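Structure, as structure tokens:
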């Protein structure tokens, strides 16, 4: 490659490499440093939100336990427990046992028809098998459910509006006496329901909401194995102590399999256990606490951040933000991860994923093990998130509280900066390449023109062997120095050539003399004649010695000339190589 293109290429490569290396080094360091800063900021924000939500939800459960303890000790609540229990026991007799068959038939019919339809509506058309729930153990159960639920003039889900049934029973009088008070408590503290359960048979003798659990037994009735029944049995201790229990969250069939948890507290009257007060917690209240009423952005969680509660079975007890804000995208993601069609149907029908969204993530696993921390992992959508997790333990129950934000959003500023850096770097490289090309062309012309001119003259000199030519480049630089050196070399070579010609002429003259001398010596006919002509021989011998000396000197000059020719040839080759 000629020196011009080589200079242009080298200038572009060197400048581009230098700029690219510098930008990549500084850019890489800046990106890493910026990413660490953003991660620290996201972690701090998530820790604050997590701790705030942990305080709020812990406070909620603590307040519920205090309320349960206070209400269980109120004389009015204790009296309601005793009087409602007594009235429940005699209800069937008071309303005439002749009508029990009618009540039973009507209750079973409504179980199969009305409740099944309501259940299917709330569960996406899934059918409810009422058979296991028809094991109702006493006549009062059928009569009370018929009068307060299935013959209720307000209809399904509005049964609590009914205060009095004109059936001439003591129970209806007691119900009218206490119902408004309990209904106000339910509304004031946002409970799903309030139960009074007798401690002997586990009968739910009173319920504000009048669900299908009303009047059934939590010992051997259809809902004895639910979380409600478990909470009752744990609180209904025989050791004479006042127990307080929080159940796990679980699907509760009288609430159409919505998630429910219960707080149960033992009730005593003058040291005698008389029953258990039970609050059914409202999952919407817990959801509102964890989601800040669906205003995630206002508490610093950006576009993808959320906080949620996870139970011991790894189910979300609060709604997913992504389900609330973009249901279709949510269903696409969970379907891709293998959520079954029945669960999706239930979520759509209930318009809630509470208790239905299962997850198996690092954050949930660590928190349920009792660990508190922060990590980057994939969430229940399969999306990488930054997550802060913490366990919450209250009255024997353990939950996990988790605050997360998508990794893409957390690192969006630094990723945007990286994209801008790439765009700017591309522009800078293009400008540097253009500048390097212009500079390279100018530099190539400045350096290559005199060098190429010098090279052409050297080639012409080698072709013509005209030692009278000289290089007239007078610049005070390396090329000028080379031209001067070559001029000196040619001068020396020209002088050597002249000396060689002179020496050659001398050799020729000496050789001629030797030939003449040889002829004269040969012409001598005898030794004595040689002796007689001694002076003449001596003169000829001196001439031969002088000729030998001349030949020795000529040999030295020829050796020097050979070396100078070799040097000149090497210099010519170097110059031609440019």
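The residue that is modelled with the lowest pLDDT, among those in region 95-105 that are in a helix (DSSP H, G or I) and surrounded by 17 or more Cβ atoms within 10 Å (Cβ to Cβ), is 100. Is it fair to say residue 319 is surrounded by fewer than 16 Cβ atoms within 10 Å (Cβ to Cβ) and not in a helix (DSSP H, G or I)? No: the conditions fail for residue 319.
When you scan region 155-177, do you find a residue that is within 57 Å of the chain's Cα centre (by Cα), in contact (Cβ under 8 Å) with a residue 24 or more places away in the chain and farther than 23 Å from residue 119 by Cβ, even just one? Within region 155-177, none of the residues are within 57 Å of the chain's Cα centre (by Cα), in contact (Cβ under 8 Å) with a residue 24 or more places away in the chain and farther than 23 Å from residue 119 by Cβ. Of the listed requirements (1) closer than 18 Å to residue 216 by Cα; (2) surrounded by fewer than 22 Cβ atoms within 10 Å (Cβ to Cβ); (3) free of Cβ contacts under 8 Å to residues at least 60 places away in the same chain; (4) touching a helix residue (DSSP H, G or I) at 6+ places or on another chain (Cβ under 8 Å), residue 252 misses just one: (2).
Okay, residues lined up against (1) at negative phi; (2) out of contact with any strand residue (DSSP E or B) (no Cβ under 7 Å at 6 or more places or on another chain); (3) outside the structural domain of residue 90 (by TED's automatic domain parsing):
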{"position": "201", "(1), (2), (3)": "yes, no, no"}
{"position": "207", "(1), (2), (3)": "yes, no, no"}
{"position": "221", "(1), (2), (3)": "yes, yes, no"}
{"position": "232", "(1), (2), (3)": "yes, no, no"}
{"position": "240", "(1), (2), (3)": "no, yes, no"}
{"position": "260", "(1), (2), (3)": "yes, no, no"}
{"position": "263", "(1), (2), (3)": "yes, no, no"}
{"position": "286", "(1), (2), (3)": "yes, no, yes"}
{"position": "289", "(1), (2), (3)": "yes, yes, yes"}
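Among the residues of region 185-221, those identified as surrounded by fewer than 24 Cβ atoms within 10 Å (Cβ to Cβ) and free of Cβ contacts under 8 Å to residues at least 40 places away in the same chain are 186, 187, 188, 200, 201, 202, 219. Taken over region 127-137, the criterion of being farther than 13 Å from residue 109 by Cβ, modelled with pLDDT of 65 or more and not in a helix (DSSP H, G or I) is satisfied by 127, 128, 129.
Looking only at helices (runs of 4 or more DSSP H) that fall completely inside region 327-368, which ones have 3 or more residues that are in contact with a strand residue (DSSP E or B) (Cβ under 6 Å, 6 or more places away or on another chain) and closer than 24 Å to residue 288 by Cβ?
In region 327-368, 362-368 are the helices (runs of 4 or more DSSP H) which contain 3 or more residues that are in contact with a strand residue (DSSP E or B) (Cβ under 6 Å, 6 or more places away or on another chain) and closer than 24 Å to residue 288 by Cβ.
Which one of 374, 411, 395 is over 20 Å from residue 53 (Cα atoms) and in contact (Cβ under 8 Å) with a residue 24 or more places away in the chain? That would be 411, the only listed residue that is over 20 Å from residue 53 (Cα atoms) and in contact (Cβ under 8 Å) with a residue 24 or more places away in the chain.
Looking across region 271-316 at every residue that is without any contact (Cβ under 8 Å) to a residue 40 or more places away in the chain and farther than 30 Å from residue 245 by Cβ, the one that is surrounded by the most Cβ atoms within 10 Å (Cβ to Cβ) is identified as 296.
The values are calculated or read from the model by the stated rules, or taken from the named source; none is laboratory data. Because the structure is a prediction, the values reported are computed rather than measured. Please note: Cβ atoms are built from the backbone with ideal geometry, for glycine as well, and neighbour counts cover all protein chains shown.
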